[in-house]
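The values are calculated or read from the model by the stated rules, or taken from the named source; none is laboratory data. Predicted model only: the values in this text are computed from it and were never measured. Here the Cβ is made from the backbone with ideal geometry for all residues, glycine too, and neighbour counts use every protein chain on show.
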Amino acid sequence: MSRFSSPRRALLAAFLLALAACRSEAPPTPPGVCPPCEPPPAPQATPAPAVRAEPVSWEALPGWRADRPSLAWDAFLAGCPRLEALEPAWQTLCREAREQPRDDAPLRRFLEQRLRPWRLVAVLPDGSTRDTGLATGYYEPLIAASRTPDARHRTPILGPPADLITVDLGEVAPQTKGLRLKGRLEGNRLVPYYSRAEIRALGERLPAPVLFWAADELDFFFLQIQGSGLLRLPDGSTVRIGYADHNGHPYRSIGRLLIDSGELTLPQASAQGIRRWLERHPERRQQLLEANPAYVFFRELPADGPGPIGTLGLPLTPQRSLAIDPAHLPLGAPLYAVVSGTQPFARLMLAQDTGAAIQGPLRVDVYEGSGKEAGERAGRRRDEVALWLLWPAEADPPAVNR
């Protein structure tokens, strides 16, 4: 079976033809269409922060003796296949972990005997260091929706469009491994896919299936930011939708726009505060929503499934699953997190998800759970966090820099 569907083969052919047709004297072209054959020297970019891991004793972890590792154990075991592929030492450790009794005391002893904590420190471009970062929260919203449109349910919830194409550039040029283009074909050119505003304007002309119809546009907008959600249908039943794809445009925070324009202060720019502002200014609502060009497409998930699915393809565990930046931390890894601020905690957690806004070595997003109360916790969370990576005692963690 071919590795590419016919649209992707056509897109790659078009991409290679365009690349071959380039000339060094040609004028600049839009990103993703035809890269210059002899690109000019890249401008000097500000180096991104790096992460350093420093081994410490278990006694150095605040609140460790009071945590209940049994509440995170199923999530820990679910991530073992990913860990076993990263480091052979995890294979024996995970096999033994599956045989442990589900009581806090023996599980704590097992972790202390088999793992070593590494304090994570961000190394900034100027050489200074920082040992705390930012923890925010996310959740699975519950919103009203219907499978058919009516006077109340008028906002479409879309599946992936038929003309949305993803190209893994690493399959064309190995030096671009990890980079992907999303777009659509116009003739033999790849052009950016439609923005949020364009998708709304196209309406039924967009070749995308309508899975459901939401009752409230703002509810759906915030569900898109979370990436998954529960839908309460008119007959009282509940279904779950999860992330399927996106339009390739960068996420732009409307909260940051409101702060920069002086409409809200930083403490006011919680999810609840942003929503209140939007409800008070209906005449400016659409303009602000469309300032975020990113758009998420969904798929329907089994109604009786275990929960929202993270990047690893595993169900997320409330207040035990974290979204992290995989450029700095290994997905699937156990972390000990100490969060201080308005909603403090200290507990064993698992790196099981990612997010467009989660960037940097000490930047995490706490999965708070489903429903209104979880949403309120997520909206309020903007706390300081310290992190320890827990890794097999006989091995160094990936890219360790002591």
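Annotations for the structure displayed:
- Residue in the range 328-347 that is without any contact (Cβ under 8 Å) to a residue 60 or more places away in the chain, part of a loop (DSSP other than H, G, I, E, B), under 29 Å from A197 (Cα atoms) and β-branched (V, I, T) present: no
- Sole exception among (1) surrounded by fewer than 19 Cβ atoms within 10 Å (Cβ to Cβ); (2) closer than 23 Å to P308 by Cα for G227, by number: (1)
- Scanning the range 56-68 for residues that are surrounded by 15 or more Cβ atoms within 10 Å (Cβ to Cβ) and either at pLDDT below 95 or part of a helix (DSSP H, G or I) (or both) turns up W58, W64.
- Scope the range 125-142; condition aliphatic (A, V, I, L, M) and either more than 23 Å from the chain's Cα centre (by Cα) or crowded, with 20+ Cβ neighbours inside 10 Å (or both); matching residues: A135
- With respect to being among the small types (G, A, S), out of contact with any Pro (no Cβ under 8 Å at 6 or more places or on another chain), crowded, with 16+ Cβ neighbours inside 10 Å and free of Cβ contacts under 8 Å to residues at least 40 places away in the same chain, G262 falls outside the description.
- Check on Q113, surrounded by fewer than 13 Cβ atoms within 10 Å (Cβ to Cβ), closer than 30 Å to L362 by Cβ and modelled with pLDDT of 95 or more: yes
- The single condition from (1) in the same structural domain as S57 (by TED's automatic domain parsing); (2) surrounded by fewer than 23 Cβ atoms within 10 Å (Cβ to Cβ); (3) out of contact with any His (no Cβ under 9 Å at 6 or more places or on another chain) that Q352 fails is (2).
- Yes/no for Q287 being without any contact (Cβ under 8 Å) to a residue 40 or more places away in the chain and not in a helix (DSSP H, G or I): no
- The residue pairs whose first member lies in the range 268-279 and is farther than 14 Å from L257 by Cα, whose second member is surrounded by fewer than 20 Cβ atoms within 10 Å (Cβ to Cβ), and whose beta carbons are closer than 9 Å, counting only pairs six or more residues apart or on different chains, are Q272/E376; Q272/R380; R276/Q268; E279/L218; E279/R285.
- If the condition is being more than 26 Å from the chain's Cα centre (by Cα), exposed (fewer than 14 other Cβ atoms within 10 Å of the Cβ) and not aliphatic (A, V, I, L, M), then the range 165-206 contributes E186, G187, N188, G203, E204, R205.
- Between L206, L231, the distinction of being under 23 Å from E140 (Cα atoms) and out of contact with any His (no Cβ under 9 Å at 6 or more places or on another chain) belongs to L231 only.
- Scanning the range 304-316 turns up at least one residue that is free of Cβ contacts under 8 Å to residues at least 12 places away in the same chain, farther than 28 Å from A144 by Cβ and either outside any loop (DSSP other than H, G, I, E, B) or not hydrophobic (A, V, I, L, M, F, W, C) (or both).
- Considering the range 180-198, and only residues there that are of a type in the set (A, V, I, L, M, F, W, C) and in contact with a strand residue (DSSP E or B) (Cβ under 8 Å, 6 or more places away or on another chain), the residue that is modelled with the lowest pLDDT turns out to be L181.
- Candidate set from the range 359-375 (those that are part of a loop (DSSP other than H, G, I, E, B) and touching a residue at least 60 places away in the same chain (Cβ under 8 Å)); member that is farthest from the chain's Cα centre (by Cα): G371
- Evaluated against (1) part of a helix (DSSP H, G or I); (2) more than 18 Å from the chain's Cα centre (by Cα), A378 falls short on exactly one condition, (2).
- Extreme residue, surrounded by the fewest Cβ atoms within 10 Å (Cβ to Cβ), among residues of the range 234-254 that are in contact (Cβ under 8 Å) with a residue 12 or more places away in the chain and among the small types (G, A, S): S237
- In the condition set (1) assigned to a loop (DSSP other than H, G, I, E, B); (2) more than 28 Å from M349 (Cα to Cα); (3) touching a helix residue (DSSP H, G or I) at 6+ places or on another chain (Cβ under 6 Å), T265 is compliant with all but (3).
- Residue in the range 291-304 that is polar (S, T, N, Q) and either in the same structural domain as A346 (by TED's automatic domain parsing) or surrounded by fewer than 16 Cβ atoms within 10 Å (Cβ to Cβ) (or both) present: no
- Of the residues making up the range 227-259, those that are out of contact with any helix residue (DSSP H, G or I) (no Cβ under 8 Å at 6 or more places or on another chain), polar (S, T, N, Q) and either assigned by TED's automatic domain parsing to the domain that holds L314 or over 17 Å from S146 (Cβ atoms) (or both) are S228, S253.
- Residue-level analysis places R109 among those that are in the same structural domain as Q319 (by TED's automatic domain parsing), out of contact with any Lys or Arg (no Cβ under 6 Å at 6 or more places or on another chain) and charged (D, E, K, R).
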